[in-house]
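The structure appears right after this line, and notes come after that.
The values are calculated or read from the model by the stated rules, or taken from the named source; none is laboratory data. None of the values given here were measured: they were computed from a predicted structure. We place every Cβ from the backbone using ideal geometry, glycine too, and count neighbours over all the protein chains shown.
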Amino acid sequence: MSSGAPRAAEPISTGFRLADGQWHRLHPATPLLRGGIAFVAIVGIVLVNLRDVLIQLVLGGPDFGGDPVQWIVDNGFAASALGVVVLGLLLFTTGFYVSWRMHTFRITDELVEVRSGVLFRTNRRGRLDRIQGVNITRPLLARVFGAAKLEVNVAGHDANVQLSYLGSAAADELRREILLLASGTQSAAGAGAAPALAGQSAGDRARVIIEQRTREFFAPELDPDAAPPESVVQMHLGRLIGSIVLSGFTVVILIVIAAVIVAVSITHEFFFLFTFVPGIIGMGSYYVSKFTRSVRYSIAATPDGVRVGYGLLSTSNETLPPGRIHAVQARQPLLWRPAGWWEVTINRAATSRSSGSERQAQTTILPVGNLADARKVLELVLPGIHAESGELLDRGLTSKGGDDGFVNSPPRAVLLRWFSWRRNGFATSGDLVLLRRGFVRRELVIVPLPRVQSLELRQGPLLRRLRLASVRLHTVSGPVDAYLGALDTADATRFFGETGDAAVRAAAADTSHRWRTSSAAAAAQPPVPGTAAAR
């Protein structure tokens with residue numbers, strides 16, 4: 001990504017294919033979706049408030065006194081005021097139009113480039129070989145207009161490139177072409193064709209457009225032809241509701257309610273109940289937001305990576321290419337254990353500028369699922385899992401510890417890990433490192449060796465006296481912390497040395513950034529030797 005003056009004027013393409021190296025413009029409704037709707041709403045509010053004056057001007061009627069607008073009419077300034085309003089509308093409309101005309105983008109074999117601005121020009125670029133995923137968001141209002149927001153997630157801080165807005169079908173096609181180019185394919189073939197509306201009457205064109213918008217609006221979040229059914233993991237509605245209710249936020253709310261009840265019973269002051277009203281509104285907002293942005297969640301395998309989709313009214317879906325996930329964590333809170341539910345989160349190199357529901361797919365791959373769902377999701381995001389790794393994965397999720405293929409903490413670690421020392425350990429399989437920890441809240445962290453950036457071996461005074469040490473695998477920042485403490489010093493030292501050597505070899509052989517052109521070579525590569533012998 002870079003900023004600077006654009007090149008000399010180049011032709012603007014008007015074709016449907018967007019990854020042809022030429023400059024293209026955004027959806028014609030972009031000015032309205034980006035700010036024009038708010039302006040129209042303000043004008044509407046003003047007109048509603050002035051309805052009496054307008055009725056008097058057009059139809060005649062009684063005089064409305066005490067109104068500044070009425071004063072303008074009485075003093076003969078109505079024509080001038082109306083002219084100012086019309087001029088303002090023209091200026092705003094012209095500004096939106098010029099901004100849309102000056103906002104163009106292009107996709108070449110090497111980068112995605114966007115240039116925008118009227119007085120101050122900005123040129124933003126994202127390299128295709130650093131793409132971490134492509135996200136398509138369809139806000140409710142944009143869905144009405146058949147538009148979508150496309151965000152190209154690029155490695156780095158605030159490096160993402162946004163295209164707001166494109167036609168809904170054009171956004172899907174453009175994502176496919178971007179991922180095809182990023183995978184190592186030199187040219188994107190099979191460009192789509194624009195709908196054939198030329199030569200039709202106005203009524204026929206309107207009918208076709210309405211049918212297309214209706215089909216897009218009510219279409220399922222995941223196209224049944226986009227991925228094989230056996231690779232799709234979908235959200236169970238009852239499980240989603242149960243996970244929201246059995247959350248840490250609910251526990252805090254119950255504690256606050258109990259405290260309010262105790263305070264009222266002791267002081268006999270019902271004022272405490274009124275102070276709780278804003279909290280009730282906040283609780284309802286949190287639960288509704290959590291539900292609407294997680295419902296219709298689906299995870300599926302596609303030729304270009306893992307596709308994650310979610311949302312009820314406003315929808316979002318993202319494709320994560322192979323090799324872009326740096327660490328994965330499966331977590332089971334205590335309240336979820338009786339039901340056997342798990343949450344899966346990831347670390348990735350891209351950081352989105354979006355917030356709220358648009359950021360959920362950045363780190364949460366599975367908001368809640370049973371053991372089978374969690375296992376399938378881990379297999380989707382970590383293609384290196386094979387039969388042996390799968391058995392080790394199951395033990396990492398459910399085993400209580402002991403001789404189960406993991407190198408666990410010694411009994412003397414009970415001084416630091418009262419309940420979890422039996423299942424606090426590590427294991428390696430192929431090019432994956434598994435770190436298991438926690439008893440009250442079970443966690444399993446999996447790190448692909450090619451994604452390890454550095455390792456840390458730490459031993460403070462207390463750990464040294466107990467002959468214990470801790471290790472940490474450094475990856476990109478995110479919610480997953482690849483840390484494991486209270487290990488035997490000899491096991492931690494061996495893990496540090498062997499994992500570091502294996503990570504260097506795995507990184508040198510990694511070609512996942514060009515997954516299509518290197519798929520055959522990757523299949524022929526011998527597996528990376530294990531980094532530590534399981535005890």
Give me the pairs, please: first residue somewhere in segment 78-104 and without any contact (Cβ under 8 Å) to a residue 40 or more places away in the chain, second residue anywhere and small (Gly, Ala, Ser), beta-carbon distance under 9 Å, and either six or more positions apart or on two chains. Thr93/Gly36; Met102/Ser116; Met102/Gly117
Tell me, which residue of segment 304-337 that is closer than 23 Å to Asp394 by Cα and charged (D, E, K, R) is surrounded by the most Cβ atoms within 10 Å (Cβ to Cβ)? Arg331
Cross-chain or 6+ apart pairs with Cβ under 7 Å, segment 444-461 first and over 11 Å from His326 (Cα atoms) and assigned by TED's automatic domain parsing to the domain that holds Gly478, then among the hydrophobic types (A, V, I, L, M, F, W, C) and part of a helix (DSSP H, G or I): Leu444/Leu397; Leu455/Phe496; Leu457/Ala492; Leu457/Phe496
Picking from Phe120, Phe105, Phe145, the residue that is of a type in the set (Phe, Trp, Tyr) and more than 24 Å from Gly167 (Cβ to Cβ) would be Phe120
Please tell me if Ser243 is touching a strand residue (DSSP E or B) at 6+ places or on another chain (Cβ under 7 Å), more than 30 Å from Leu179 (Cβ to Cβ), assigned to a helix (DSSP H, G or I) and modelled with pLDDT of 80 or more. yes
Of those in segment 450-472 that are more than 24 Å from the chain's Cα centre (by Cα) and of a type in the set (A, V, I, L, M), the residue surrounded by the fewest Cβ atoms within 10 Å (Cβ to Cβ) is Leu462
Cβ pairs under 9 Å, 6+ apart or interchain, first in segment 399-412 and loosely packed, with under 13 Cβ neighbours inside 10 Å, second not in a loop (DSSP other than H, G, I, E, B), ordered by first then second residue, are Lys400/Arg422; Lys400/Arg423; Gly402/Asn408; Gly402/Arg422; Gly402/Arg423; Pro411/Trp421; Pro411/Arg422
Condition check: touching a Gly at 6+ places or on another chain (Cβ under 9 Å), within 22 Å of Ala503 (Cα to Cα), assigned by TED's automatic domain parsing to the domain that holds Ala508 and of a type in the set (S, T, N, Q). Does Ser429 satisfy that? yes
Among what's in segment 280-327 and is free of Cβ contacts under 8 Å to residues at least 40 places away in the same chain and outside the structural domain of His474 (by TED's automatic domain parsing), pick the residue that is farthest from Ala148 (Cα to Cα). Ile280
Does Val260 satisfy the condition of being surrounded by 13 or more Cβ atoms within 10 Å (Cβ to Cβ) and outside any helix (DSSP H, G or I)? no
Look through segment 312-339, keep the residues that are of a type in the set (Gly, Ala, Ser) and part of a strand (DSSP E or B), and return whichever of them is modelled with the highest pLDDT. Ala330
Arg436 surrounded by 23 or more Cβ atoms within 10 Å (Cβ to Cβ) and in the same structural domain as Val407 (by TED's automatic domain parsing): yes
Restricting to segment 82-105, what's the tally of residues that are in a strand (DSSP E or B) and among the hydroxyl-bearing types (Ser, Thr, Tyr)? 1
Restricting the search to segment 415-433, which residues are buried (at least 17 other Cβ atoms within 10 Å of the Cβ) and assigned to a helix (DSSP H, G or I)? Trp421, Arg422, Arg423
I'm trying to understand the selection: among the residues of segment 242-255, which are touching a helix residue (DSSP H, G or I) at 6+ places or on another chain (Cβ under 7 Å) and either β-branched (Val, Ile, Thr) or over 15 Å from Gly340 (Cα atoms) (or both)? Ile244, Phe249, Ile253
